[in-house]
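One structure is given here, and the rest of the page talks about it.
The values are calculated or read from the model by the stated rules, or taken from the named source; none is laboratory data. Values in this document were obtained by computation on a predicted structure and should not be read as measured data. So basically every Cβ, Gly included, is an ideal-geometry build from the backbone, and we count neighbours across all protein chains shown. Quick note on the areas: whole protein, heavy atoms, side chains included, nothing else; ligands and nucleic acids left out. Shrake-Rupley method; radii C 1.70, N 1.55, O 1.52, S 1.80 Å.
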Amino acid sequence: MKTRRIDNYGKINRDKILSFRWDKKSYKGFEGDTLASALLANNIGIVGRSFKYHRPRGIFSSGVEESGALVTIGSKDRRDPNVRATTQELYNGLEASGQNAFPNVNFDLAGINNYLGRFFAAGFYYKTFMGIPPLEWGKGTAIWMFFEKFIRKAAGMGSASGLPDPDAYEHAHDFCDLIVVGSGPAGVAAAIEAAEKKLDVILVEQDSLIGGNQLAENDFDNSQIKNQLENLGIKIMTRTTAFGLYDNCVVGLLERVTDHISAPNVNIPRQRFWTIRAKHIIVGAGAIERHIAFNNNDIPGVMTVNASKHYLNRYGVLTGKRIVIATNNDSVYETAHQLSEAGANVTVLDSRTNFEIETNKSFEIRKGYVPYNINGSKKIDSLDISKIEIINKSETINCDQVLLSGGWSPAVHLLSHRGVKPKWDYNNACFLPSDTKENITMVGSSRGLWNKNDCIASGIAGTTDALNRLGISKTNYFFPKPGGWKNPIQPLYEVKYKKSRSKSFVDYQHDVTTDDVRLAHREGFISVEHLKRYTTLGMANDQGKMGNIIGLSLMAELLNKEIPEVGTTVFRPPYTPVSIGALSGRNVGKHFRPLRVTPMHQWNIDHGAKMIEVGLYQRPWYYPKENETLSDSYIREASTVRKTVGICDVTSLGKIAIQGPDSTEFLNRIYSNGFSKLQVGRARYGIMLRDDGIVMDDGTSWRLAENEYFMTTSTGEAAKVLSWLEELLQTRWTDLNVNVTSVSEQWAGVSVAGPKSREVLNNCVDDSLVVTNNNLPFMGVTSTFLKGNIPCRIARISFSGELAFEVYVKSDFANTMMDLLWVNAKKYDGCLYGLEALGALRVEKGHVTAAELDGRVTIDDAGLSKMASTKKSYIGSAMRKRGVLKNNDREILVGFFPTNLKETFNAGTIVCEKNNIKGQGIGRITSVTYSPELGHWIGLGFVKGGLDKWKDTNLVGADPVRNKQMNLKVVSPHMIDPKGERMYA
Amino acid sequence: MIRINCPYCGERDHSEFSYGGDATINYPSLDASEKEWTQAIFFRKNIKGFQFETWHHSNGCRMWLVVERSTVTHEIKSVKPCHPDLQKVVENNK
Ligand SMILES: [Zn+2]
């Protein structure tokens, strides 16, 4: 196979040969190659098929703007689709393949779409919703649903592996005075100037080498610059893209750590996602060369002029033998010269008629000529050219390559992320960055400077600007004027094709043609944002880096306006794609979110607990014996509690220490029920409302001393309640002398419940007198010692309706407490019980939890009206009386039994009247359980009007999700021991 | 990313904080009428420009702060503790 690699050119390491596979065939390249340069060197012209029409596509650029050479790298779980071949560094063993083609890019069956172009015009997908054009056949969504899968398959690019990503990613953070984006002449000058002025500088470069576009120069060597930067202590980050700018000079970086290595160390992350907090940002991101729209301007062999310069001088690849360069500006002539010196036959078509340029006459210049049409399909055979005055084919030039330069667009993307609109510069036919009050300065060609000395001057001026803004200096500075070419650019965006059905591409990646833009205009999509969405111009990987301006200019022409009047779409992060893996970093699998365990977590597991997640907490769910199922187990556990005694880890409840002389007044204001008369040594169940009168949370508060309380909250609301108490004390009631501290982690808690609970505790405490009915009555609290001199707090509190105690010890003593309680509970045939049994017991008793208190329920709805004091004002007391909350049509807490006691139901069941089963019905079931005590299923929930209204009515439970329906009756929520005789025993 | 200069901890990412709400509300006394409470709870100005708002340094020192922030640019002009006594302490330590 003939190679396009030529001797004596390029900075690749010819001593280090790398082998790689492209579409299952083996090829060779060199260290320093990109996949694109290696493919070009191996004379591979077609690297993919286009998005809609499946036209053969080649390599258009040498950088991030690439919109043709999107390929798939790797295989199996490491398959990475839509990778730009132009930025993928070559490594030994790299596997790559073309996309969007079957069976391959050279022979693609779907290429027929090319001839069905009018069916795939702009807005095709949207129109399919309305029926298949042109006859709107099969109008309606069904036809869309039918065709969608075929359309998606046909129009997709690469596909993801669908397997878990085996690579590791990492999030990293850094701080600096100045971050410089881009290591071209401007960025390097800025960084050096800043480091010399003692600023702490990070220099970011997306390429593997520093130098920017100088890497396309044949005599450029970056080693001296690199040494200088390093000696000044500048942190250089190569292979790192600044993908977004955010508030307060925060910059998002993506560092590709191992994407260029064939067998990376598994202990090193593949990519690093950096958050840099800088004091100032200098952006020298360069400029991007545009193409020109004309018929068949996408045939493999079309490329930007600057790209061919890169391939020649950096990679030693001469991309064509007979090259036609089409331009409207001065920037191409050095390249034309070098290409012809390297052995190519070069012709330059310059759309301008009146200009002077110095050359050595090694190539021909055709003044006033533009490209008109490319002949060829898989490669360029020849180019039809036209005079600029009268557009039509005037003659044909035989060639194998067409290089385009329609002007340069400064990379203003990062500034655009900050909401700064660029301004159109008529002299240079490009958008230039506007000024911003934020600490961001644009330098180099990203502010429209075309020659190197101006770029260097702008870099130094940029750092002076930064020093002034940071208050370090007050030095005058000025930026060179935009431009820098000898002859002015002549705007040239499209060369119109005279025949119908042209294929003049504006956006290569999405197959958006000039006709599509005109169609969008005809159909009324004239705003740039509409144009973008309707035609997909400027979407996906490349975000229209090459083609956007062409699209704008066409719309401007159609609207008879100037480009700045049409506007520009807003660039949003990321500048180039960021992998999902990098975004998630280490927050995957078990590390997706924090895991909270109680101090007796291992003890629970060792004693047979199956665990369940409750918020972030792992809590015991049930403790199965031998072959028990979940229901076997919880029914046994709940029955055991009612019969003798059970032990349950309740450590996950929120615990707050409330201390200070105004603690009682504070509690009296935040709870709806009275706390002013609570004695030391007593606990009280309390309900907190929000400002708007809705229930926020419930829990208990224990008065340990005159000015000290121990508050428990529900597991789920613990953090919210603490923040709320702090807010009240710090913002509203700043005169109250109270301190609140979370002690959730400091105390391990357990519930000992059942008729034998007192006997068990008796055996566990140092002084058995402390737990007698007299010394520790219902809602009594004591601070005492467990055997072994372990300090503990015991409150006689019941959630199950049985005689029960909550025992708290310092977390370090959790296991000792569990051992002690368990040894003694076993003497009474007691059990360990989990959340499922806890739920069963509380549903039987009619206790509400988060399932009922869902942020919509008032204290009256929950049937707890007697908890609302009438003798005092408290948070929510005024608002709970407002009209809508007093409506007698509100849903009130009730219990549910199935009419046929053999039937079951689920939480989420909608309660309806018998002959009116629809909509939201008249209520809902929120919690259900099998009741071991009653011997059938029971539920808690809400029904409009409550028990009084529906007591004797047969209702229906509708569960359309599970395709279930059952007859229900409404009962009191207190389904067992309504008088509470057991608790007081 | 918004950076908030906590008077106690120093400049930190906004992800360490929780947003509270309008810092200019004068909450009525607990025994005030439903009408006054309705006004305090539900009626808000939709300010374009600088506004005073509360933030809680929930993953830091737990201090509630009054932050003067532009709703247009996120620029922050001032950060103070909500509690007047803490405000004095901060002022005195400047
Ligand atoms: Zn703080």
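Quick notes
- Of all residues making up the range A:378-420, the number that are more than 30 Å from A:ILE440 (Cβ to Cβ) and touching a helix residue (DSSP H, G or I) at 6+ places or on another chain (Cβ under 9 Å): 3
- Within the range A:244-279, the set of residues being away from chain B (no Cβ under 14 Å) and assigned to a strand (DSSP E or B) comprises A:LEU254, A:GLU255, A:ARG256, A:GLN271, A:ARG272.
- Scope the range A:689-727; condition within 14 Å of chain B (Cβ to nearest Cβ) and over 23 Å from B:CYS82 (Cβ atoms); matching residues: A:GLY693, A:ILE694
- Single unsatisfied condition, A:ASP829 versus (1) on the phi > 0 side of the Ramachandran plot; (2) in contact with a strand residue (DSSP E or B) (Cβ under 6 Å, 6 or more places away or on another chain): (2)
- Those strands (runs of 3 or more DSSP E) of the range A:593-707 in which at least 1 residues are surrounded by fewer than 22 Cβ atoms within 10 Å (Cβ to Cβ), considering only elements entirely within it, cover A:610-614, A:617-622, A:654-659, A:683-689, A:695-705.
- Failed condition for A:GLN746, given (1) more than 14 Å from chain B (Cβ to nearest Cβ); (2) crowded, with 19+ Cβ neighbours inside 10 Å; (3) not basic (Lys, Arg): (2)
- Selection count where residues are touching a helix residue (DSSP H, G or I) at 6+ places or on another chain (Cβ under 7 Å) and farther than 18 Å from A:LEU630 by Cα, scope the range A:935-967: 2
- Taken over the range A:573-585, residues that are under 14 Å from the mean Cα position of the chain (by Cα) and part of a loop (DSSP other than H, G, I, E, B) amount to 6.
- Taking every residue in the range A:260-274 that is hydrophobic (A, V, I, L, M, F, W, C) and pairing it with any residue that is in a strand (DSSP E or B) and loosely packed, with under 15 Cβ neighbours inside 10 Å, at least 6 positions away or on another chain, the pairs with Cβ-Cβ distances below 6 Å are A:TRP274/A:ALA172.
- Among the residues making up the range A:863-886, those that are surrounded by fewer than 14 Cβ atoms within 10 Å (Cβ to Cβ) and either within 14 Å of another protein chain (Cβ to nearest Cβ) or in a loop (DSSP other than H, G, I, E, B) (or both) are A:THR870, A:LYS871, A:GLY883, A:VAL884, A:LYS886.
- If the condition is being touching a residue at least 60 places away in the same chain (Cβ under 8 Å) and surrounded by 18 or more Cβ atoms within 10 Å (Cβ to Cβ), then the range A:887-929 contributes A:LEU893, A:VAL894, A:GLY895, A:PHE896, A:PHE897, A:PRO898, A:PHE905, A:THR926, A:SER927, A:VAL928, A:THR929.
- Within the range A:355-391, tally of residues that are open to solvent by 40 Å² or more (accessible area, probe 1.4 Å) and at positive phi: 1
- Of the strands (runs of 3 or more DSSP E) lying entirely inside the range B:1-91, those carrying at least 1 residues that are within 7 Å of chain A (Cβ to nearest Cβ), within 16 Å of the ligand (Cβ to nearest atom) and not small (Gly, Ala, Ser) are B:3-6, B:50-56, B:64-70.
- Only residues that are in a loop (DSSP other than H, G, I, E, B) and over 17 Å from A:LEU70 (Cα atoms) were counted in the range A:1-35, giving 12.
- For the range A:226-243, the condition holds for no residue, the condition being that it is open to solvent by 30 Å² or more (accessible area, probe 1.4 Å), within 14 Å of another protein chain (Cβ to nearest Cβ) and out of contact with any Leu (no Cβ under 7 Å at 6 or more places or on another chain).
- Residue selected from the range A:36-62 under the condition open to solvent by 10 Å² or more (accessible area, probe 1.4 Å) and not in a loop (DSSP other than H, G, I, E, B), by the criterion nearest to A:ILE299 (Cα to Cα): A:PRO56
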